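Okay, so here's the structure we're looking at.
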Amino acid sequence: METVTLTIKNQPSLYLEADNISPDAFAGKSAENIAALHAYEGNTQTTLGDHFEISGKGGATATETRIIVNGDVSKVKYIGMKMTGGEIVVNGNPDMYVGAWMQGGKITVKGNVDAFAGTGMKGGEIVIDGDAGNYLGAAYRGDWRGMQGGKITVKGNAGSDIGTFMNGGEIVIGGDVDVHVATHAEGGKIVVKGNAKSRVGGQMVEGEIIVFGDIEVMMPGFIYRKDVDLEVDGISARFALYEGDIGERHRKRKGEVIYGKLYQKY
Amino acid sequence: MTKTVTDVVCPFCGTLCDDLEVVVSDDGKQLLEVYNACAIGAEKFLHSQAEDRLTRPRLQQEDGSWKDVTYDEAIEYTAQMLASSTKPLMYGWSSTNCEAQGVGSEIGEITGAVMDNTATVCHGTSLIAVQDIGIPHCTLGEVKNRADRVVFWGCNPAHAHPRHMSRYSIFPRGFFTGKGHKGRKVIVIDPRKTDTANVADVHLQIEQGRDYELLDALRVAFKGLPLPDVVAGIPKEQIYEAAEVLKSGRFVIIFFGMGVTQSLGKNHNIDEAIAVTRDLNEYTKAAIMPMRGHYNVTGSGAVWGWQFGFPFAVDLSRGFARYNPGETTSNDLLRRGEVDSVFVLGSDPGAHFPFSSVKKISELPSVCIDPHQTPTTAVCKLHVPVAFVGVEIGGCAYRMDNVPIETRKVVEAPEGMMTDEEFLEKVLVRIKEIKGE
Ligand code: SF4
């Protein structure tokens, strides 16, 4: 494993689109070659070297490349976009689209992320030590495929619209979430250790939501079925199982209608 | 002597009434009277005749005072500002014709701007929902001739679109709706007791911000499945009853406004309302329509739709069109400091945006093109007054049901005044020179 360290030296005057900060783009490159990779500020093309101090070098492949990003990156977008392997550690609070359309590897953020992290994610892992913004693991605008695989773990809270159009993978939120969880979901699993507000599982077709805390307003389209004992993330407890959204379309398997499942801990 | 111009189109709200009559002086220079329009529509026409109307551009000085400049100087200022920006925001586009919107798009493309229209604070959320799940749509003509179940959800046409109810939705007698008002059942869903609610057969006084839940409950009720006792403050019996009223109609139309598009959940409310409409088509014929506000906000969505593929919040900064409301929408761009200049045409963000965004506009290089003096022109560095579209110059506009209507010129603009389109054309030529294209 080779390591590349990026330390921000010149802040963009607006925001920096740095989709080249990924093990795939860095693999097989020296610090000098990495510095020449493109980034964008509005309509102006710049390079990573214009904004970052770069040391180390990329591994032979993405999988053998680790990237460490240091400094205030709150104006840097698209870190780890579309990465297929390797590792990124961000020591800061990156802006939007962290790990968007990610396919493999791991991103660890030792801070908060803004909106659209894990958009359309297909595989790999994102771990966020702080809070996540809105649209975590959701679909890009107009896409009917949200998160399809992989795992996102947020230790703090998350914003609204998490897992919209999700159809695979897993999202675990340590704290609370805002409105709209797994809207339009057709699969996948979302665990909320804290409280949820409202619109949990609205228009949900299939998939699972597990809430440990309160749900302020339950969707009218969810009906209580029975109590079940579950083990979630090493915690065994009794949960109430609701099914829904019964207003939405659902397919049948062996003559039985399949609904989305919502478990709430007692 | 005076002349009367008939079949005039009202350039105020999305109803785009096309039956106005306007009396003008013989030389065509003065507009004297307006017939058939509602009060707000007539006001728009008469405004063009104001004595204190500005007829030349003016530039704000360091000390806040204004200095008159020529159109040429204004063109130079605007072109230089846009050409030197890293990411300009070009906002508005709802109170102008499609011709001007087309030229504006070209400027946006060569300067790498973000193009956004008033949908961003209005029906943009509806457009997101339409992209997500589609829309069963119809024209206002179909509504007039066929609809016997009319729903107004979170909108109050009695005030915002005054002639909508008499021309299309409640009162007119159409081909299959010969009984007019008597043959229609009107349902209003609104937390307030509005004037529209007063003419309704059913008023569901919903708890604020619970639209998504009530819409979901309707879908459950259509299927005859069990509901909780009360949803969104409405007892379930009333919800089942409303569901029956809708299912038993021959043609259901759902009109919705900013009460649902800008309250909690935004696009999801519309998404669910469209799903309700889709479900209703299992039992009868149903369509849904946003009550668009500005007379040609629909047109700017149509122009950008065919030019860029997206109806608002189009980010052209990297040379291709990107669209992600939440990131590329004006207020998010301003709040986050993502743009370095602001160009406004055909809208008044100074009056409609949050204070923090207006403050950002005032801190940036900014130009506002508007026939009126508005809160926006007050904070912009350059104000360029132009001719009134639909009064002093014609051009294409799209009604709220996506029907294009050619607006008409009824009087001459004051001597030497430019139109939106002429001004933009000149700015475009100058930007091309600056960029060496
Ligand atoms: S309803 Fe709208 S378009 Fe019709 S006259 Fe009134 S303002 Fe003009």
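The values are calculated or read from the model by the stated rules, or taken from the named source; none is laboratory data. If you're wondering where the values come from, they're calculated on a predicted model, not measured in any experiment. Cβ: placed from backbone, ideal geometry, glycine included. Neighbour counts: every protein chain shown. Areas reflect the complete protein model, heavy atoms only, side chains present, ligands, DNA and RNA absent. Shrake-Rupley method; radii C 1.70, N 1.55, O 1.52, S 1.80 Å.
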Output the residues of region B:80-95 meeting this criterion: accessible area (heavy atoms, 1.4 Å probe) in the chain alone minus accessible area with all protein chains in place is 20 Å² or greater.
B:86, B:87
Charge dipole (debye, nearest 20) of region B:1-119; +1 at Cβ of Lys and Arg, -1 at Cβ of Asp and Glu
200
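Please quote Rg/Rh for region A:88-127 to two decimal places, taking the Kirkwood radius as Rh and restricting both calculations to Cα atoms. Each step should come with its number before you reach the end.
On the way: Rg = 9.1 Å, Rh = 9.8 Å.
Over the Cα atoms of region A:88-127, Rg/Rh equals 0.93.
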Work out Dmax and Rg for chain B from the C-alpha atoms and quote the Rg first, both in angstrom.
22.7, 70
In whole angstrom, note down how far apart the Cα centers of region A:91-137 and region B:98-121 are.
32
Starting from the Cα of residue B:429, move 7 Å in the Cα-to-Cβ direction to define the label point; list residues of region B:34-75 whose amide nitrogen is under 19 Å from there.
B:57, B:70-75
Bridge type composition, region B:364-437 - antiparallel percent by DSSP, nearest 5:
50
Please state the shape class of the protein assembly as shown: rounded when a/c is under 1.5, otherwise prolate if a/b exceeds b/c and oblate if not, all from the C-alpha gyration tensor.
oblate
Picking from B:328, B:374, B:125, which is most flexible by a Gaussian network model of chain B using Cα springs under 10 Å?
B:374
Classified through the alpha carbon gyration tensor (a ≥ b ≥ c as square roots of its eigenvalues; rounded if a/c is under 1.5, else prolate when a/b is larger than b/c, else oblate), chain A comes out prolate
Peptides ranked, highest mean first, by Cβ atoms within 10 Å: ranges B:239-245, B:161-167:
B:161-167, B:239-245
Among B:20, B:5, B:41, pick out the residue whose Cα is farthest towards the positive end of the charge dipole of region B:2-47, where Lys and Arg carry +1 and Asp and Glu carry -1 on C-beta, about the Cα centre.
B:41
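Can you tell me the convex hull volume per residue for region B:1-113, based on C-alpha atoms, in Å³ to the nearest whole number? Mind dumping the intermediate values first?
Numbers: hull volume 17.7 nm³, N = 113.
Per-residue hull volume (Cα only) is 156 Å³.
Given +1 on the Cβ of Lys and Arg, -1 on the Cβ of Asp and Glu, and no further charges, what dipole in debye does chain B carry about its Cα centre, rounded to the nearest 20? Present the calculation step by step, with values, prior to reporting the outcome.
On the way: 44 positive and 57 negative charges, 278 e Å.
With Lys and Arg at +1 and Asp and Glu at -1, about 1340 debye.
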Under 16 Å from the residue B:76 label point (7 Å along Cα→beta-carbon), backbone N, region B:387-430:
B:426-430
Among A:27, A:164, A:205, which residue has its Cα furthest toward the positive end of the charge dipole of chain A, with +1 on Lys/Arg Cβ and -1 on Asp/Glu Cβ?
A:205
Relative contact order of chain B: what whole-number percent is it, with Cα pairs under 8 angstrom and at least 6 residues apart?
24
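State whether region A:112-265 is rounded, prolate or oblate according to the following rule on the C-alpha gyration tensor (a ≥ b ≥ c being the square roots of its eigenvalues): a/c under 1.5 gives rounded; otherwise a/b larger than b/c gives prolate, and the remaining case gives oblate.
Working: a/c = 1.61, a/b = 1.23, b/c = 1.32.
In terms of gyration-tensor shape, oblate.
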What are the GluC sites (Glu not before Pro) within region A:205-266 that DSSP puts in a loop, where the Cβ has at most 13 other Cβ atoms within 10 Å?
A:216
Whole-Hz Karplus ³J(HN,Hα) for region B:428-437, in order, using 6.51 cos²θ - 1.76 cosθ + 1.60 and θ = phi - 60°, x for Gly and Pro?
4, 4, 5, 5, 4, 4, 4, 7, x, 9
Buried solvent-accessible surface, both chains (B, A), 1.4 Å probe, Å² to nearest 100:
3500
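At a Förster radius of 25 Å, what calculated FRET efficiency corresponds to the Cβ-Cβ distance of residue B:61 and residue B:373, to the nearest 0.05?
Working: r = 17 Å, r/R0 = 0.66.
With a Förster radius of 25 Å, E is 0.90.
Give the carbon-plus-sulfur fraction of the accessible surface of chain B in %, rounded to a whole number; probe 1.4 Å, heavy atoms of protein chains only. Write down the numbers at each step before the final one.
Values: 8270 of 16190 Å².
With neighbouring chains kept in place, the figure for chain B is 51 percent.
Which whole number gives the average, over all residues in B:212-218, of C-beta atoms from other chains lying within 10 Å of the residue C-beta? Write out the running numbers ahead of the final one.
Values: counts 10, 8, 1, 5, 12, 4, 2.
Mean number of neighbouring Cβ atoms from other chains: 6.
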Name the residues of region A:133-159 whose accessible area, probed at 1.4 Å, falls by at least 30 Å² once all protein chains are in place instead of their chain on its own?
A:140, A:141, A:142
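Output the antiparallel fraction of DSSP beta bridges having both residues in the protein assembly as shown, as a percent to the nearest 5.
Working: 52 of 136 bridges.
Taking every DSSP beta bridge with both residues in the protein assembly as shown, the antiparallel ones total about 40 percent.
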Give the angle, between 0 and 90 degrees and rounded to the nearest 10, that separates the Cα long axis of helix B:236-247 from the longest principal axis of the Cα atoms of chain B.
80
Taking a virtual spin label 7 Å from the Cα of residue A:155 along the C-beta vector, which residues in region A:122-139 bring their backbone nitrogen under 14 Å of it?
A:127-132
Accessible-area loss of at least 30 Å² (1.4 Å probe, chain alone to full protein assembly) applies in region A:217-255 to A:217, A:219, A:220, A:246, A:247, A:248
Most mobile of B:26, B:148, B:271 per a Gaussian network model of chain B (Cα springs, under 10 Å)?
B:26
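Given the rule -39500 (n - 2.57) for each run of at least 4 DSSP H residues, summed and divided by the residues of chain A, what is its mean residue ellipticity at 222 nm, to the nearest 500 deg cm²/dmol?
-1000 deg cm²/dmol
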Accessible area per residue, 1.4 Å probe, Å², for the protein assembly as shown: what's the number?
37
For every helix of n ≥ 4 consecutive DSSP H residues, a contribution of -39,500 (n - 2.57) applies; sum these over chain B, divide by its total residues, and give [θ] at 222 nm rounded to the nearest 500 deg cm²/dmol.
-10000 deg cm²/dmol
Longest principal axis of chain B (C-alpha) makes with the long axis of helix B:71-83 (C-alpha) an angle, in degrees to the nearest 10, of 70
Of the residues B:300, B:84, B:356, which exhibits the maximal mean-square fluctuation in a Gaussian network model of chain B defined by a 10 Å Cα contact cut-off?
B:356
Starting from the Cα-Cα distance between residue B:238 and residue B:166, subtract it from 0.36 nm times their residue separation and give me the gain in nm to one decimal.
23.1 nm
From the backbone phi of region B:100-110, what are the Karplus-calculated ³J(HN,Hα) couplings (6.51 cos²θ - 1.76 cosθ + 1.60, θ = phi - 60°) in whole Hz, Gly and Pro given as x?
5, 4, x, 5, x, 4, 5, 5, x, 5, 7
Relative contact order of region A:112-265, please, whole-number percent, based on alpha carbon pairs below 8 angstrom and at least 6 residues apart.
15
Calculate the FRET efficiency for residue B:175 and residue B:137 from the Cβ-Cβ distance with a Förster distance of 25 Å, rounded to the nearest 0.05.
0.80
HN-Hα J in Hz across region A:25-40 - Karplus 6.51, -1.76, 1.60, θ = phi - 60°, x for Gly and Pro
6, 7, 4, x, 10, 7, 4, 5, 5, 5, 4, 8, 5, 6, 9, 10
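Evaluate the charge dipole of region A:112-265 about its Cα centre and quote only its size in Debye, nearest 20, assuming +1 on the Cβ of each Lys and Arg and -1 on the Cβ of each Asp and Glu.
On the way: 19 positive and 22 negative charges, 115 e Å.
So the dipole magnitude of region A:112-265 works out to roughly 560 debye.
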What's the angle, to the nearest 10 degrees (0 to 90), between helix B:124-133's Cα axis and the longest principal axis of chain B?
50
Placing +1 on the Cβ of each Lys and Arg and -1 on the Cβ of each Asp and Glu in chain B, which of B:238, B:61, B:319 has its Cα farthest towards the positive end of the resulting dipole?
B:238
